[in-house]
Amino acid sequence: MKFRFQVVVSLKEGLLDPQGKAVEGSLPAMGWKNVSQVRVGKHVDLVVEAETEKDAIGQVDEIAHRLLSNPVIENYRIASVAPLEGLTFEAAP
Amino acid sequence: MKFRFQVVVSLKEGLLDPQGKAVEGSLPAMGWKNVSQVRVGKHVDLVVEAETEKDAIGQVDEIAHRLLSNPVIENYRIASVAPLEGLTFEAAP
Amino acid sequence: MSDVPLHRALGLTDDELESICATLGREPNRNELAMYSVMWSEHCSYKSSKIHLRRLPTEGPAVLVGPGQDAGAVDVGDGQAVVFKMESHSHPSAIEPYQGAATGVGGIVRDIVAMGARPIALLDPLMFGPLTEERNRWLLEGVVAGIGGYGNCIGVPTVGGEVKFAGPHSKNPAINVMCVGLAPADRLVTSAREVHEGSLLVLFGAATGRDGIGGVSVLASATIEEGSEESRPSVQIGDPFAEKLLIEASLEMVEQDLLEGLQDLGGAGLTCATSESASRARMGAEIDLDVVPLREPALQAFEVLTSESQERMLAIVHPSRLDAVRAVCARWGLAAPVIGKLVAGGGLTVKMGGTVVADVPARSLADEGPVYERALAPPPGSDDVVTDDPTFETVTTPLDESFLALLSSPNVASKRWVFEQYDSLVQGGTVAGPGADAAIVRIEGTLKALALASDGKGRYGHLDPYLGAAHAVAEAARNVAVMGATPLAVTNCMNFGNPERPEVMWQFSESVRGMTDACNAFGTPVTGGNVSFYNESGDSAIWPTPVIGMLGLIRDHRLLVRTGFPGPGMLLYLLGETFPELGGSEFAEVVLGRIAGRPPAIDLEREAALHRLLIDAAESDVLASAHDCSDGGLAVALAESAMAGHTGFAVTLPGDLPAYVTLFSESASRAVVSLEPDMAEIIEDLAAAHRVPLVRLGETGGPRMVFGHLLEMTIEEARAAYEDAIPKLLAG
Amino acid sequence: MSGREPRIGVVTFPGSLDDRDALRAVTFMGGEGVPLWHSEHDLHGVDAVILPGGFSYGDYLRTGAIARFAAIMDEVRTFADAGGPVVGICNGFQILCEAGLLPGALIRNASLRFICRVIDVRIETSLSPLTHTLIAGDVLSVPVKHGEGQFVASETELDRIEGEGLVVFRYCGPSGELDEVFNVNGSAGQIAGVRSEAGNVVGMMPHPEHAVDPDVGPVGGQPLFESLLSFALARV
Ligand SMILES: Nc1ncnc2c1ncn2[C@@H]1O[C@H](COP(=O)(O)OP(=O)(O)O)[C@@H](O)[C@H]1O
Ligand SMILES: [Mg+2]
């Protein structure tokens, strides 16, 4: 069975995020003075074939830990497990 | 009122994603031959101060459209609106 | 932890605490203890190395600024000064290769800027474990990407370096970076500048966060154990864009002569910058931490004082210049708060929330740290290793096999995969970049150019630290001289294990002795450098490896001599003599599988004579090409010139040593040169005049490399081995 | 047409790196280099504008994404709309794409590695300020140095770019041969540079400003600057 996952890799709290800083710094000049706490991370979409969901999750977790992130500076979160169906992001009404 | 958003920016379907390709390419050597459709995008966290949620969403949408993504090659999705509360990602049990 | 007294938890010994109490006449508070712990760490205080480093030659007619300041400075004529220094960032890179290496570049660049010089070149001598291990491949890829990611983004070309591979580096890669800057000599920002009481301390650049709190003492002075959690948060993220703004803003202030002093914030952060600034000015300082821009809320005093947040500088500004300084910072979008001022007396008084949180003599932090004369003892069994010399083994490996094995040995093989990831062209001054024996960077508006080379000889150092250091200096100077440039001065980075072990301290002392003798022989004083101790994990210490950064000057860059044979019909000469010396050679390791024996002897007078000959020959435009013999000996040197010039050669081996010895011996003080036939007499006369033995080897031409009837190979076959080796290994 | 030297403006954004090099190249080739500052609404009456290489604003989010909002870009757009010659080199090319003044976009090299190397490019059209004195098929040696130079666009957009002859440069071999081995960054159609529909805006990833002075590299940039200077002069 195939499962789709989304992994979000972001810098650990407290670490400088130059990307976020650059975006945040450029917004006021563009007219947005009301935006703060900008952090930029990586978003990885992938599909894992496995017997069970649990098994698939375990594998994604290991992949995220070993390949997609460096635990020294980054955290990761695994999102949206569903048989070939990404959780579709929508602005809540 | 402050609202936290998460914006996911990803390359449009049909465009080859070099990072995704690299990740996918390195997995078999590490023992995962069951992973496919790897796509790497950006994940932006930000907080917007606005009167209403609706207003905030509108602004994030414009920021995502004008700055966070390049419509020529990228799509974006906006996730999780909540008064200073990120949707916490969890692997579904 | 709880039962360990705080000072010990912070890495201070009981004796060190006692002398702090003696200085203060009381117990230090937590903040003061933190300040002393970072300032008196090995990394900042050089407490183990000081007494040895004093032996290095540091004086010379061209030396404007010697060791002790942010970087050394050398007079290159026409009122211009070259500022240069080497640093290490090995420990952070071992756990986060990209950011560790990137922030290493940022740090050394700020050292150069702090002298008021524009950074014009970077070199990156790197040492890793064998690429057969996945982790070492990950480290190399990350480090190279990090150096490129930062250096490329600030517009400073990376023009040279080296990459060496050795077992002991598996757990402890050595990541050194050298930066070179240029400034009008009269604009150098040195401690000689007049500083006034009441002058303001302006902190400009990035905001302060909890970066590398205690990072210096933890990351740079504590041995890394497998997956040591606590050292992890101390890795920092580099922001090269912020650094670029910092460079431009700093140099604009220097140009407008707005500054009385300029300091980078590196190890020990604000504590180091303020105490050193005050101490150098023979004054004290009052600073107010409430004014320091924070990246995250609620930092405690000791955190603000010891944070190693990157991309920050401290300027000493006369009140009358403050507005001008602020204008420059505003133009570059940088915050520039006044965090304090210089005051009479020697006290460093720190306020936060209106109350004094630390009050100590600035000198006691900056200049009165402990000095240790640690025990020395040669490692047991080192003699056996040396007497077990491979030179006269019975060698069964066919010559062509050995030759290919050497060309494809990662130590010898092309480093193209690495240096093509670096912008070596930006700023438009790179006359010869990566791939040359020394990088040649012209000085804008003149015909002069700098020659830059970096070399370390870890394997020799392992077998004989004195020879290892002497060879490193000799090879660096030779790399400069083969291009036709005159060696001027040296910076260095000493990469060693734990100084508390007598063997390591003995190796260190021997290395300093070797460096001293060589630098004296070549007339190249040491103007600065860096010591990196504790490069060991468990029982695996790295080989004692002083890495030398050589600065040379060429009067007219149009006279520089390149590595490659320019074409067919040139006469080939070997300058210098070949002796049966395979001890510690690449051949012994790669072909015989042995790291043993006595490294090649070195006669520093002969070496110096070779350099003079090479320079003389270049200035009289005699040479068509020149390349020194180093790793892999004569055979590899010839092959490298052939590949670089797409021109083969035919030679007959000189002397009556066994062929493999003549081909692969690593005897010092040798170079291979080619020249037009009508230059034969001139070079022979010049060599005689400089008392350098030389022998005609043969001629250039054709697509093949022919060593008499012994060995023959096409350039393309050699190139395949030489160019593909590292990419193949990285492919896993 | 007056006798004066063409005045070529070079914009410095925060993070621009090859701005000094571009100015030096302009002078070397006989033009007058005019430094322009990102926050000014003023082109100081230059005859042509160069957006130089570098990492504007760090290029962290997306190359050129922030620089395109700089004040001076309004003037650059107006200048371009009026037919003024605008050249983007490397980061400048990326900025022009982000600004919509050039088609397509530039993403990370297929190798995911920064690459600094002297390569060959083939001229595909004379219809650009950089090539109007050159002939399609000419081959020039110039360095590339970038991490994000892979030219991409949607299928239909690529067809249009090719169809309307907007491709100005392609990566090629020493004698102009097109082969993937020469495609240094994996660009679609081996595209190294494109022009606008009107033809007066052109962008390229390779660095002609680092290929004019024989002391420090190849000279494939000389004909391109000659072309730019004469194109600019024609407007004087
Ligand atoms: N890490 C590196 N960064 C930049 N250039 C490098 C690096 N490693 C090697 N090079 C370049 O590759 C060439 C060969 O290196 P090396 O074999 O160490 O030279 P040599 O033997 O003359 O000291 C030199 O031009 C050197 O500058
Ligand atoms: Mg050499």
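Roughly what would the spin-label model give for residue B:12 and residue D:178, points 7 Å off Cα along C-beta, in nm?
My value for the distance between the label points is 2.2 nm.
Rounded to the nearest 0.05, what FRET efficiency do residue D:112 and residue D:230 have when you use their Cβ-Cβ distance and R0 = 45 Å?
With R0 = 45 Å, the Cβ-Cβ based efficiency is 0.70.
Looking at the range C:535-577 from every direction and averaging, what is the projected area of its Cα convex hull in nm²?
7.0
If you put +1 on each Lys and Arg Cβ and -1 on each Asp and Glu Cβ, how big is the dipole of the range B:19-62 around its Cα centre, in Debye rounded to 20?
680
Under 16 Å from the 7 Å Cα→Cβ point of residue A:52, by amide nitrogen: which residues of the range A:3-17?
A:3
Which whole number gives the average, over all residues in D:103-115, of C-beta atoms from other chains lying within 10 Å of the residue C-beta?
5
For a quick check: sort C:459, B:39, C:501 by the number of other beta carbons within 10 angstrom, fewest at the front.
By the 10 Å Cβ count, ascending: C:501, B:39, C:459.
Where the label is 7 Å out from Cα toward Cβ, how close does residue B:55 come to the same position in every other copy, in nm, shortest first?
5.3
Residues with amide H under 5 Å of residue C:48's amide H, sequence separation 5 or more or different chain, H placed in the peptide plane at 1.01 Å from N; which?
It is C:372, by chain and number.
Can you list the aspartates and glutamates whose alpha carbon sits under 14 Å from that of residue C:171, skipping same-chain ones fewer than 8 residues off?
Excluding near neighbours in sequence, the set is C:96, C:133, C:134, C:225, C:226, C:536, C:539.
Exceeding 25 Å between C-alpha atoms, which entries from my cross-link table qualify? They are A:21/A:42; C:85/C:244; A:33/C:341.
The answer is A:33/C:341.
Along its principal axes, what span do the Cα atoms of the range D:102-165 show, with the longest given first and each in whole Å?
33, 31, 16
Karplus couplings for the range C:681-693 from phi (6.51 cos²θ - 1.76 cosθ + 1.60, θ = phi - 60°), rounded to Hz, Gly and Pro as x?
Calculated HN-Hα couplings, in order: 4, 4, 5, 5, 5, 4, 4, 4, 4, 8, 6, 10, x Hz.
Jot down the per residue volume, in cubic angstrom and as a whole number, of the convex hull over the alpha-carbon atoms of the range B:23-67.
Residue-normalised Cα hull volume stands at 116 Å³.
As a test, work out the antiparallel percent of DSSP beta bridges whose residues both lie in the protein assembly as shown, rounded to the nearest 5.
Counting DSSP beta bridges with both partners in the protein assembly as shown, the antiparallel share is about 80 percent.
Viscosity 0.890 mPa s, temperature 25 °C: give me the Stokes-Einstein translational D for the range C:395-435 in µm²/s, with Rh taken as the Kirkwood radius over C-alpha pairs.
194
Based on a Kirkwood Rh over C-alpha pairs, give the Stokes-Einstein translational diffusion coefficient of the range D:48-186 at 25 °C and viscosity 0.890 mPa s in µm²/s.
Rounded, D is 156 µm²/s.
Along the range C:124-135, what does the Karplus equation 6.51 cos²θ - 1.76 cosθ + 1.60 (θ = phi - 60°) give for ³J(HN,Hα), rounded to whole Hz, x for Gly and Pro?
9, x, 10, 9, 10, x, x, 6, 6, 9, 4, 4
Let me know the charge dipole size of the protein assembly as shown about its Cα centre in debye, to the nearest 20, where only the beta-carbon of Lys, Arg (+1) and Asp, Glu (-1) is charged.
Dipole of the protein assembly as shown, to the nearest 20 debye: 1360 debye.
Using only the Cα atoms of the range C:332-484, each taken as one equal point scatterer with no solvent, compute I(q) by the Debye sum, divide by I(0), and report log10 of the ratio at q = 0.17 Å⁻¹.
Results for the range C:332-484 at q = 0.17 Å⁻¹ read -1.11.
Checking the a/c ratio against 1.5 first, then a/b against b/c, what shape does the Cα gyration tensor give for the range C:578-677?
Oblate shape, in that a/c is at least 1.5 and b/c is the bigger or equal ratio.
Would you mind giving the average projected area, over all directions, of the Cα convex hull of the range D:54-109 in nm² with one decimal?
For the Cα atoms of the range D:54-109, the hull's average projected area reads 3.8 nm².
Report the far tail of the P(r) of the range C:1-143, meaning the percent of Cα-Cα pairs longer than 27 Å.
Result: 46 percent of Cα pairs exceed 27 Å.
Considering only DSSP beta bridges with both partners in the range D:39-197, what is the antiparallel share in %, to the nearest 5?
About 85 percent, rounded to the nearest 5.
Quick query: amide H of residue D:10 versus all other amide H atoms, modeled in the peptide plane; which residues come in under 5 Å with a sequence gap of 5 or more or a different chain?
Long-range HN contacts for residue D:10: D:34, D:36, D:50.
Any idea how far the Cα center of the range C:71-111 sits from the one of the range C:21-40, in Å?
30
How large is Rg/Rh for the range C:494-582, to two decimals, with Cα atoms and a Kirkwood Rh?
1.13
Could you list which residues have their amide H under 5 Å from that of residue C:423, counting only those 5 or more apart in sequence or on another chain, with H placed in the peptide plane?
C:152, C:158
For chain C, give the share of DSSP beta bridges that are antiparallel, in percent and rounded to the nearest 5; count only bridges with both residues there.
80
With each label point set 7 Å from Cα along the Cα-Cβ vector, what nm distance links residue B:30 and residue A:30?
Distance between the two pseudo-spin positions: 3.2 nm.
Percent of Cα-Cα pairs more than 28 Å apart in chain D, please.
The proportion of pairs with Cα distances above 28 Å equals 20 percent.
Summarise the long-distance tail of P(r) for the range D:135-236 by giving the % of C-alpha pairs beyond 17 Å.
That fraction is 57 percent.
Cα centroid distance between the range C:476-546 and the range D:161-184, in Å?
Comparing the Cα centres of the range C:476-546 and the range D:161-184, I get a distance of 49 Å.
What FRET efficiency, computed as 1/(1 + (r/R0)^6) with R0 = 56 Å and r the Cβ-Cβ distance, is obtained for residue C:78 and residue D:139, rounded to the nearest 0.05?
0.90
Classify the protein assembly as shown from the C-alpha gyration tensor, please: rounded if a/c falls under 1.5, else prolate or oblate depending on whether a/b exceeds b/c.
Taking the square roots of the gyration eigenvalues as a ≥ b ≥ c, the protein assembly as shown is rounded.
What number, in percent, do you get for the relative contact order of chain D if the mean sequence gap of Cα pairs under 8 Å and at least 6 apart is divided by its residue count?
22
Which Cα, out of C:731, C:505, C:53, lies furthest along the positive dipole direction of the protein assembly as shown (beta carbon charges, K/R +1, D/E -1)?
C:53
Based on Cα positions only, what radius of gyration and what Dmax would you give for chain C, in angstroms?
25.8, 85
Please find, among residues of chain A, the one with the beta carbon closest to the rotation axis relating it to chain B, distance in whole Å.
A:43, 2
Can you compute 3J(HN,Hα) from phi for each residue in the range C:148-157, using the Karplus curve 6.51 cos²θ - 1.76 cosθ + 1.60 with θ = phi - 60°, rounded to whole Hz and x for Gly and Pro?
Values, residue by residue: x, x, 8, x, 5, 7, 9, x, 10, x Hz.
Only the coordinates and a few stated rules stand behind these numbers; no lab work does. Note that the structure is a prediction, hence the values are computed from the model and not measured. When we count neighbours, we look across all protein chains shown, and the Cβ atoms used for this are built from the backbone with ideal geometry, even at glycine.
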